[in-house]
Amino acid sequence: MGKRFHRVVAIDGPAASGKSSVARELARRLHFAYVNSGAIYRVITWHILQKGIDPGDSDRVAQTVESARISCRLQNNESRILIDDVDPAEYLRDDRVNENVSRVSSLPRVRAIVVQKLRGYAHHQDLVMEGRDIGSVVFPDTPYKFYVDASPDVRSRRRAAQGQRDEIAVRDQADSSRRVSPLVVAKDAHVIDTSHLTIEGVVSEIIAQLKRMGLRI
Ligand code: CDP
């Protein structure tokens, strides 16, 4: 028999929609652990680049990821990821990672590994997990699904305000059009347009909805 999952609040949405700030604050308010699923795809992408492997060489990328030791744990309610015993957290927003992460994460063999790791977190604690396919693929059975969005203009401005050169339109296109687990709105997700809302406003809306759904907080 499989292990029981704890409660999971899924927050999906495109780049710079405000997911991370919302998910982190929501986790704090609920006393759940916070997991950014994108960080695992970024760790894997960093590892591939660090080894000098061409991210376009799908077979080599998949083989390398399959033979890497990827350890995902929770520490102080946040996830910590090591790959072959290295924690590359400080490099995950590097330009070269931004530029290649969508390509690496489009590979089915890579996604299969990551999805297993992500499910593993829910054996230990209640979670708020953010990403692209959390409500649709990773935890399709959770009733607590939210899709946060914002207009493309607002999202570009938010990313620029973080001081990052990140072609979010390019990643959006790749993430939405890939064959395996594209970014979609899960059919039972609550959609929230954050364009004109503060982080606090979005978090309050989600908490109100969770209470209506009977989540004990
Ligand atoms: O920068 P942003 O917060 O938008 O992205 P992220 O959450 O760090 O994810 C980086 C990339 O990983 C995305 O552009 C997707 O290509 C991929 N990703 C995915 O495919 N599935 C997920 N559940 C999370 C991220």
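The values are calculated or read from the model by the stated rules, or taken from the named source; none is laboratory data. As the structure is a computational prediction, the values presented were derived from the model and not from experiment. Virtual Cβ from ideal backbone geometry, glycine too; neighbours counted across all protein chains shown. The accessibility values were calculated without ligands, DNA or RNA, using every heavy atom of the protein model including side chains. Shrake-Rupley method; radii C 1.70, N 1.55, O 1.52, S 1.80 Å.
Numbers for the structure displayed
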{"item": "Qualifying residue in the stretch 127-141 (condition: in contact with a Pro (Cβ under 7 Å, 6 or more places away or on another chain) and open to solvent by less than 70 Å² (accessible area, probe 1.4 Å))", "result": "no"}
{"item": "The stretch 185-213 - residue that is without any contact (Cβ under 8 Å) to a residue 12 or more places away in the chain and in a helix (DSSP H, G or I) and, of those, farthest from E25 (Cα to Cα)", "result": "R212"}
{"item": "Unmet requirement for I113, which otherwise passes all of (1) crowded, with 20+ Cβ neighbours inside 10 Å; (2) more than 13 Å from the chain's Cα centre (by Cα); (3) β-branched (V, I, T); (4) closer than 28 Å to D188 by Cβ", "result": "(1)"}
{"item": "Contacts under 7 angstrom Cβ, first residue in the stretch 164-175 being in contact (Cβ under 8 Å) with a residue 60 or more places away in the chain and open to solvent by 40 Å² or more (accessible area, probe 1.4 Å), partner of a type outside the set (V, I, T) and more than 10 Å from the ligand (Cβ to nearest atom), 6 or more apart", "result": "R165/D95"}
{"item": "Some residue of the stretch 33-51 being open to solvent by less than 10 Å² (accessible area, probe 1.4 Å), within 16 Å of the ligand (Cβ to nearest atom) and modelled with pLDDT under 95", "result": "no"}
{"item": "Every residue from the stretch 141-183 that is in a loop (DSSP other than H, G, I, E, B), within 10 Å of the ligand (Cβ to nearest atom) and in contact with a Gly (Cβ under 9 Å, 6 or more places away or on another chain)", "result": "L183"}
{"item": "Residues (in a helix (DSSP H, G or I) and farther than 19 Å from T64 by Cβ) located in the stretch 81-135", "result": "A89, E90, D95, N98, L118, R119, G120, Y121, I134, G135"}
{"item": "Cβ-Cβ under 7 Å pairs, at least 6 apart or on other chains, the stretch 13-26 side among the acidic types (D, E), far side more than 7 Å from the ligand (Cβ to nearest atom)", "result": "E25/I199; E25/V203"}
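Matching residues to (1) under 15 Å from the mean Cα position of the chain (by Cα); (2) closer than 13 Å to V114 by Cα:
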| position | (1), (2) |
| --- | --- |
| W46 | no, no |
| G52 | no, no |
| V61 | no, no |
| V65 | no, yes |
| A68 | no, yes |
| S71 | no, yes |
| I81 | yes, yes |
| D84 | no, no |
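Results for (1) out of contact with any strand residue (DSSP E or B) (no Cβ under 7 Å at 6 or more places or on another chain); (2) away from the ligand (no atom under 12 Å from the Cβ); (3) in contact (Cβ under 8 Å) with a residue 60 or more places away in the chain, shown as yes or no for each residue.
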{"position": "N77", "(1), (2), (3)": "no, yes, no"}
{"position": "P88", "(1), (2), (3)": "yes, yes, no"}
{"position": "L92", "(1), (2), (3)": "yes, no, no"}
{"position": "V114", "(1), (2), (3)": "yes, no, yes"}
{"position": "E130", "(1), (2), (3)": "no, no, yes"}
{"position": "G135", "(1), (2), (3)": "no, no, yes"}
